[in-house]
1. When the chain is fully extended, how far beyond the present Cα-Cα distance does SER137 get from ILE113, taking 0.36 nm per residue of separation?
2. Counting Lys +1, Arg +1, Asp -1, Glu -1, what net charge surrounds ASP141 among other residues with beta carbon under 10 Å of its beta carbon?
3. Give the residue list of chymotrypsin sites (Phe, Trp or Tyr not before Pro) in segment 77-167 that are DSSP loop and have at most 12 other beta-carbon atoms within 10 angstrom.
4. Just the ratio, please: alpha-carbon radius of gyration of segment 54-127 over 2.2 N^0.38 Å, N its number of residues.
5. Using the Karplus curve 6.51 cos²θ - 1.76 cosθ + 1.60 with θ = phi - 60°, what ³J(HN,Hα) values do you get for each residue of segment 129-146, in whole Hz, with x for Gly and Pro?
6. Give the long-range amide H neighbours of ASN87: residues separated by 5 or more places, or on another chain, with amide H under 5 Å away, using H modelled in the peptide plane at 1.01 Å from N.
7. Which percent of the Cα-Cα distances in segment 80-170 go past 15 Å?
8. Looking only at segment 18-170, where both bridge partners belong to it, what percent of the DSSP beta bridges are antiparallel (to the nearest 5)?
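Every number in this text was worked out from the coordinates using simple rules, so none of it is lab data. These numbers were taken from a predicted model, which means no experiment stands behind them. Positions of Cβ are backbone-derived with ideal geometry, glycine not excepted, and every protein chain shown enters the neighbour counts.
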Amino acid sequence: MRRVLLTAVAVAPLLALASVAEAACPSAGTSTGGSDISVSSGCTISPKTNGDGLILDSSNSLTVVAGATISNTDVSHTVGILVEGGNTGTLDNQGSIELLMSYSPQVEGNTGIVGGPFATGTDRTGIEVANGVFNGSITNDSTGAITVDGDSSTGIFVESGASITGDLND
């Protein structure tokens, strides 16, 4: 009986650490929802089709620190970070946003010229500002990187009817 109790007491701190580590890496689609978000180094967030990696939808700050990644491959209609207008805050990307494709165009015949489509997938956006005025700054820090592949895809996009009153730094 004492061995079982001793084991449970010894393992409890390790379980607590595991739950803290999981809490530090938000899942795809997590929104600020009234709280600041800081994505820790080593975290990877994978947005799904028609989904967002992270959403800044309240008057808070969202920081993706160096070593954190928002990424997917061969997923169309996706946004790394969605910034909703009507809020005041800051977005600081120090990490990587990588919305990629695995497709490589093929050389046709013996001409050495690539033929066929040049990309697969569509509508991938690294950072998108939507739905009104965002009062604050958006920074893609010197350690931050945004890489997007595909047709109709964009690194940073401010949609029609949206705007930023602060600085946009890249």
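1. Once the chain is fully extended between SER137 and ILE113, it gains 4.3 nm.
2. With Lys, Arg at +1 and Asp, Glu at -1, the net is -2.
3. PHE118
4. Against the compact-globule rule of thumb, the ratio is 1.52.
5. 9, 9, 6, x, 8, 9, 8, x, 9, 10, 10, 9, 4, 4, 8, x, 9, 10
6. When sequence neighbours closer than 5 places are left aside, the close amide H contacts are ASN135.
7. That tail contains 64 percent of the Cα-Cα pairs.
8. Antiparallel bridges make up about 5 percent of those DSSP assigns within segment 18-170.
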